[in-house]
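Input: a single structure, listed below in structure tokens.
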Amino acid sequence: MSGAWADTAYLIAGVCFILALKGLSAPRTARLGTLVGASGAALAVIVALTTPHLKHLGLIFGAIVVGVAIGLPTARQVRMTAMPQLVALFNGVGGGAAALVAAVEFLRPGTAISHAATADLAAIGFTILVGGVSFSGSLITFAKLQELMTTRPVVLPAGRWLTIGTASAGVLFGALLVPWPSTALLALLAVVSLVFGVLFVLPVGGADVPIVISLLNAFTGLTVAASGYVLGNTLLVIAGTLVGASGTLLTRMMAAAMGRPLTGTLFGAFTATAGGAIGDGGGAAKPVRTSSPEDVAILLGYARKVVFVPGYGLAVAQAQHTVREVADLLTARGVLVAYGIHPVAGRMPGHMNVLLAEANVPYESLLELDAANSELASADVAVVIGANDVVNPAARQPTGSPISGMPILDVDLARQVVFCKRSMRPGFAGVENELLYATNTSLLFGDAKESMAKVLAALKAQ
């Protein structure tokens with residue numbers, strides 16, 4: 001494809017990416033936004049493959065076949081509960097690929113790296129440094145979310161100084177690469193960036209991991225933009241800038257939803273004091289009030305207003321369809337029903353919205369934090385299904401808890417609270433929830449889908 005036609009096609013693809021972000025900003029247009037973005041990406045690939053004098057076509061198509069063979073079944077089979085892990089892997093692969101492109105361009109045979117432009121060398125150093133951090137850091141977030149390692153913060157001895165030293169070394173090697181380009185410096189920079197990515201993510205734990213995924217996504221976008229500059233590809237610059245900007249905005253929004261600055265999320269483990277905030281379920285020895293599905297059905301049947309609060313446990317049990325059936329039955333009987341959605345419920349932003357949309361829950365019934373709290377204050381029953389951290393009153397403590405300061409759903413203000421739980425284990429943040437032992441709380445133990453199915457059957461029998 002000639003230069004003019006290629007530039008025009010890249011411009012169209014860039015517009016598609018912008019429209020895709022606009023579409024993804026609302027649930028009703030998210031599907032269309034995804035299709036528009038995919039169309040732009042497909043157009044960009046076609047343009048790249050029709051570039052004149054393109055070499056190594058066999059290797060390129062072979063890589064495409066392998067990628068499709070791996071990616072397509074993975075994307076189709078992944079469960080919604082594992083979607084954050086998949087996003088983390090995508091982030092890491094993107095950052096690692098950008099770093100490899102920069103390294104290949106630096107080492108390309110026939111390139112006089114000693115005479116390369118200063119801006120090009122700076123962009124290469126930046127891409128390798130940030131891309132390496134994104135790659136190794138994303139692998140650690142994947143391991144945490146997949147529970148291949150502890151989800152709690154991991155603070156190494158002298159970890160603060162080790163992290164600062166590694167980051168300083170990375171910046172130093174990247175800066176030295178500009179006046180004194182060499183393969184040795186490039187290798188040192190790559191190794192240091194990978195180590196720093198691990199050290200950067202290890203101290204983050206619990207409900208803060210999704211925020212780091214969003215931040216690493218922004219890092220990946222910046223590396224793609226920088227690699228686009230190195231390659232002279234305008235579309236990569238546009239796409240990378242869009243990803244970097246949107247990832248940065250999302251990170252700030254998530255940090256605000258957690259009620260503390262981003263620095264507290266990333267480095268809070270270094271300054272945290274030891275205390276009893278983290279629990280392991282030992283609180284089960286305290287007295288709790290349990291209910292049967294029939295008891296819950298009676299409670300719901302005589303209520304005027306019910307608010308369902310979904311969480312990760314609902315996603316694990318795939319209980320969204322059963323919950324909607326219960327809600328529909330209550331609505332048909334004149335009960336006011338709503339769903340309280342916390343911004344970071346589940347393992348990623350919008351997790352609960354997507355799950356409930358799968359069950360055809362009306363968008364109008366999904367209430368954001370402030371609106372949900374207004375309804376909870378006058379609700380007869382709040383039904384918490386698999387959520388824990390986002391309703392934990394420990395967040396109201398100014399200090400001493402990993403979730404201190406995080407705005408929560410005020411389910412404790414409802415007249416009655418029903419907790420659907422598998423066990424007395426704390427939530428993802430590892431913080432014991434005193435709401436479980438409140439006098440207006442009853443626990444419905446068991447798988448969320450099975451429990452709500454029994455509640456549904458009891459309601460129909462009334």
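The values are calculated or read from the model by the stated rules, or taken from the named source; none is laboratory data. Everything numeric here is computed off the predicted structure, so don't read it as measured data. Because the Cβ atoms are built from the backbone with ideal geometry, glycine has one as well, and the counts that use them run over all protein chains shown.
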Problem set entry | Residue list for region 301-318, restricted to those being touching a strand residue (DSSP E or B) at 6+ places or on another chain (Cβ under 6 Å) and part of a helix (DSSP H, G or I) | Leu314
For this session: Considering every residue within region 66-73, establish whether at least one is surrounded by 12 or more Cβ atoms within 10 Å (Cβ to Cβ) and either farther than 30 Å from Glu364 by Cα or among the polar types (S, T, N, Q) (or both).
Result: yes
For this session: All but one of (1) without any contact (Cβ under 8 Å) to a residue 60 or more places away in the chain; (2) farther than 22 Å from Phe445 by Cα; (3) in contact with a Leu (Cβ under 9 Å, 6 or more places away or on another chain) hold for Pro343, so report the exception by its number.
Result: (1)
Exercise. Does region 5-16 contain any residue that is at pLDDT 85 or above and either within 28 Å of Ser193 (Cβ to Cβ) or of a type in the set (Lys, Arg) (or both)?
Worked result: no
For this session: Please work out if Ala98 is of a type in the set (A, V, I, L, M, F, W, C), surrounded by 12 or more Cβ atoms within 10 Å (Cβ to Cβ) and over 30 Å from Val316 (Cα atoms).
Result: yes
For this session: Considering only residues that are charged (D, E, K, R) and not in a helix (DSSP H, G or I), look in region 364-384 and name the one that is surrounded by the most Cβ atoms within 10 Å (Cβ to Cβ).
Result: Asp380
Exercise. What tally of residues in region 131-163 results from selecting those that are over 16 Å from Ala88 (Cβ atoms) and modelled with pLDDT of 90 or more?
Worked result: 1
For this session: Working only within region 1-22, note down all residues that are assigned to a helix (DSSP H, G or I) and of a type in the set (S, T, N, Q).
Result: Thr8
For this session: Could you tell me whether any residue of region 32-40 is at pLDDT below 90 and loosely packed, with under 15 Cβ neighbours inside 10 Å?
Result: no
Exercise. Within region 351-363, is even one residue polar (S, T, N, Q) and in a helix (DSSP H, G or I)?
Worked result: yes
Exercise. Right, Ala387: buried (at least 18 other Cβ atoms within 10 Å of the Cβ) and assigned to a strand (DSSP E or B) or not?
Worked result: no
For this session: Just name the residue that is farthest from Ile298 (Cα to Cα) out of those in region 329-372 that are in contact with a helix residue (DSSP H, G or I) (Cβ under 8 Å, 6 or more places away or on another chain) and polar (S, T, N, Q).
Result: Asn353
For this session: Evaluate region 330-342: report whether one residue or more is surrounded by 21 or more Cβ atoms within 10 Å (Cβ to Cβ), modelled with pLDDT under 90 and either within 22 Å of Lys421 (Cβ to Cβ) or outside the structural domain of Arg252 (by TED's automatic domain parsing) (or both).
Result: yes
For this session: Please go through region 76-90 and pick out each residue that is surrounded by fewer than 21 Cβ atoms within 10 Å (Cβ to Cβ), modelled with pLDDT of 80 or more and among the hydrophobic types (A, V, I, L, M, F, W, C).
Result: Val78, Leu86, Leu89, Phe90
